[in-house]
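Student: I'd like to ask you about the structure that follows.
Each value in this text was obtained by applying a stated rule to the coordinates, not by laboratory testing. This one's a predicted model, so the numbers in the text were calculated from it and none came from an experiment. Glycine also receives a Cβ, built like all others from the backbone with ideal geometry; neighbour counts cover every protein chain displayed.
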Amino acid sequence: MIDYIAELNHENQGLDDVDKMSIEHYAFNLSSEVILMDLSGKVQFSTRNPEGAGQGLTDKADYMDNTKFAYNSYEYKEAGKVIGSILVGRPKSIFSTTEDKRFFYTINGIYLIAALFSTFVGTFLKNRISKTFLKPIYAIQENTKFIEEGSYGKVSDVGTNTIELSDLSLAINNMAVKLEQQENIRKRMTADISHELRTPLATLSSHIEAFLDGVWEPTPERLGIIQNEITRLTKLIKDLGDLSSLENEGARFEKKEINLSVLFSNIIESFEPLFHSEEITLEKSIKVNILFKGDADRLNQIFINIISNALKYTNKGGRVYVVMDEDKDRIHIKVMDNGIGISKQDLPYVFERFYRGDKSRSRETGGKGIGLTITKALVEAHNGTIKISSEQDEGTTVEIQFDKNEDLDKTSRS
């Protein structure tokens with residue numbers, strides 16, 4: 001500012017009205033005030049009131065506003081000679097003009113609105129994310145802790161609209177149900193195995209003790225009882241061994257082409273006298289010349305087990321209907337009876353080893369609780385499926401399906 005005024009004064013040999021107007025604009029652009037004084041201190045020009053000197057206002061105090069501006073005094077020289085002084089006033093506050101204030105308030109208002117909006121959006125998103133993701137995740141985590149502790153009954157459904165979390169929660173809940181079922185089956189199986197072994201061993205022990213004490217004579221009849229119990233134990237152990245071998249894929253099968261129609265018909269014929277003696281009607285519908293590649297002894301075991309079950313659990317005067325048929329891809333076998341049936345709560349567990357829903361369906365009919373378990377393992381070893389549908393007191397249907405063997409000679413089917 002000082003250099004600019006000195007330059008104007010030097011070029012024009014003094015300051016004319018145009019120079020003074022230029023100084024006014026320059027000072028305005030810098031938001032400043034300029035007061036020009038001679039050596040005696042009288043005001044010659046002021047940007048605040050350019051006409052003031054002509055009106056007799058010659059004291060600098062008449063042009064100063066100390067509330068808004070801070071003034072500094074500088075020497076005013078011409079050709080190295082001091083010819084006066086210049087007061088330059090700069091605003092004490094950044095709000096030197098109304099426009100400055102308006103800009104300040106506007107920009108800070110925008111910042112405030114943006115901050116409030118950001119806070120609102122952040123809070124909304126936080127609550128939304130917490131409700132959508134975090135709460136279900138915490139609930140799922142709590143369910144896994146219940147499973148870890150074995151408290152399966154405490155596992156609860158997790159309500160969420162997120163598909164992935166919903167699927168995860170459903171899978172964990174299903175796992176808890178399965179684990180609880182397996183735990184119950186394990187406890188029940190342990191008790192049943194203990195009972196199955198305890199009964200024949202107790203019989204053997206009591207008979208042998210009676211023989212040793214001389215209470216009983218070792219007659220053929222009593223020795224026969226011992227032999228039956230030993231046979232029962234041996235068969236139970238053999239069945240358990242076979243089941244373990246099947247489940248561990250260690251069983252050996254001698255698979256060869258079999259006329260399944262003939263094999264099944266022969267089994268049914270062998271059962272006809274037993275059905276007749278129990279006054280149960282046995283009907284059959286077997287398609288001829290159905291060929292299948294499998295182990296004949298194992299297939300015999302499958303069919304004998306399901307037909308003997310139908311005989312055991314059908315009352316006198318009842319009816320058993322046996323069907324064997326085939327379509328383009330599969331062989332279908334059904335054994336249907338109108339016997340005592342299976343309750344809904346027991347039906348899902350009929351293939352579990354040693355499971356008995358109704359104790360009347362066990363020892364009185366000779367069952368050990370693993371017949372259907374072995375049957376299922378044998379069917380699956382032949383790449384087949386088995387399922388049971390039943391209504392209590394209405395009857396049971398056992399359905400077995402085998403995939404046809406593609407390597408069989410198709411001409412032999414005709």
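Student: As a footprinting exposure proxy, order E148, E7, E399 by other Cβ within 10 Å, with the fewest listed first.
Tutor: Exposure proxy ranking, most exposed first: E148, E7, E399.
Student: Given R₀ = 35 Å, FRET efficiency for I113-Y138 by Cβ-Cβ distance, to 0.05?
Tutor: Efficiency, rounded to the nearest 0.05: 0.50.
Student: At 0.36 nm per residue, and after removing the present C-alpha to C-alpha distance, how many nm does the segment from R232 to D17 gain when stretched out fully?
Tutor: Between R232 and D17, full extension yields 64.1 nm more.
Student: Of all DSSP beta bridges located in the chain, what percent are antiparallel, nearest 5?
Tutor: Approximately 90 percent, going by the DSSP bridge assignments.
Student: Could you tell me how far the Cα centroid of the stretch 42-68 sits from the Cα centroid of the stretch 271-289, in Å?
Tutor: First find each Cα centre; the distance between them is then 132 Å.
Student: Tell me, what is the FRET efficiency for H276 and A210 to the nearest 0.05, using R0 = 45 angstrom and their Cβ-Cβ distance as r?
Tutor: Efficiency at R0 = 45 Å is approximately 0.70.
Student: Still on this model: Sort V88, V320 so that the residue with the fewest other Cβ atoms within 10 Å of its own Cβ comes first and the one with the most comes last.
Tutor: Arranged by neighbour count, lowest to highest, V88, V320 become V88, V320.
Student: Only one of the values [x] 39, 28, 18; [y] 113, 27, 19; [z] 66, 29, 19 was calculated from this structure for semi-axes √(5λ) of the Cα gyration tensor in Å; name its label.
Tutor: This structure yields the entry labelled [y].
Student: Take T203, T375, T144, T123 and order them by how many other Cβ atoms sit within 10 Å, fewest up front.
Tutor: So the ranking, lowest neighbour count to highest, is T123, T144, T203, T375.
Student: Using helices alone, I'd like the mean residue ellipticity at 222 nm for the chain: each DSSP H run of four-plus residues gives -39500 (n - 2.57), total over residue count, nearest 500.
Tutor: Value at 222 nm, helices only: -16500 deg cm²/dmol.
Student: So, by mean Cβ neighbours within 10 angstrom, what's the order for 159-168, 110-119, 41-50 with the highest one leading?
Tutor: Answer by packing, highest mean first, reads 41-50, 159-168, 110-119.
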